[in-house]
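The values are calculated or read from the model by the stated rules, or taken from the named source; none is laboratory data. Values in this document were obtained by computation on a predicted structure and should not be read as measured data. Note: ideal-geometry Cβ built from the backbone for every residue, glycine included; neighbour counts use all protein chains shown.
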Amino acid sequence: MLTRRLARPEDEERIEARATAAECRALAALFDLPAVHSVEAVFTVRPLPEGALELEGRVAARLRRLCVVTDELFDQDFAEPETRRYLPGLAEDEEGEVEVGALDEDGPEPLPPDGVDLLELVSEALALGLDPHPRAPGADIAELEYDPEADEPPAGPFAALAGLKEREE
């Protein structure tokens with residue numbers, strides 16, 4: 001179950017979680033996907049000095065996607081490595097700016113008092129990693145046939161202006 005909070009452990013621990021059917025449906029609705037068959041999150045949770053927390057692992061999923069080329073449904077595997085660092089209360093200096101140490105390129109995130117929301121972390125990983133223009137295996141846009149004569153003639157004010165121009169020539 002992904003609907004859970006990850007608290008800062010005393011020692012390093014491994015977390016494995018699989019989405020329930022309801023969580024898969026919720027993720028499919030969130031990302032407007034035809035279906036989410038399965039989602040798995042595997043993380044090593046490490047306590048860091050000064051109350052910080054590090055999660056390192058991966059998010060994997062089996063998704064049903066709609067091909068932008070063929071307009072057909074296909075299944076796709078998703079797997080992305082994830083590393084997140086959290087600090088319990090980012091210190092503010094006198095000018096109100098947040099001071100962040102150089103733990104990673106993006107900087108650490110604030111550690112919520114009740115722990116890290118695993119479902120939110122998985123959702124963010126999917127949001128950042130999903131291809132916005134999915135193509136089915138073997139789908140090639142160059143293979144699509146285009147017949148300009150099969151199209152309906154353009155309509156609207158600009159089409160009428162173009163027709164007037166053609167008659168004048």
If we keep just the residues of the range 16-31 that are surrounded by fewer than 16 Cβ atoms within 10 Å (Cβ to Cβ) and assigned to a strand (DSSP E or B), which is farthest from the chain's Cα centre (by Cα)?
GLU16
State whether the residues of the range 141-153 include one that is exposed (fewer than 10 other Cβ atoms within 10 Å of the Cβ), touching a helix residue (DSSP H, G or I) at 6+ places or on another chain (Cβ under 9 Å) and either of a type outside the set (A, V, I, L, M, F, W, C) or modelled with pLDDT under 90 (or both).
yes
So, first residue touching a residue at least 40 places away in the same chain (Cβ under 8 Å) in the range 6-22, second residue surrounded by 10 or more Cβ atoms within 10 Å (Cβ to Cβ) and basic (Lys, Arg), Cβ within less than 8 Å, six or more apart or across chains; the pairs are ALA17/ARG4
Within the range 8-22, is even one residue in contact with a Ser or Thr (Cβ under 7 Å, 6 or more places away or on another chain) and not basic (Lys, Arg)?
yes
Using beta carbons and a limit of 6 Å, which pairs, at least six apart or on different chains, have the first residue in the range 31-56 and touching a residue at least 24 places away in the same chain (Cβ under 8 Å) and within 15 Å of LEU119 (Cα to Cα) and the second one of a type in the set (A, V, I, L, M, F, W, C) and part of a helix (DSSP H, G or I)?
VAL36/CYS24; VAL36/LEU27; VAL36/ALA28; ALA41/VAL122
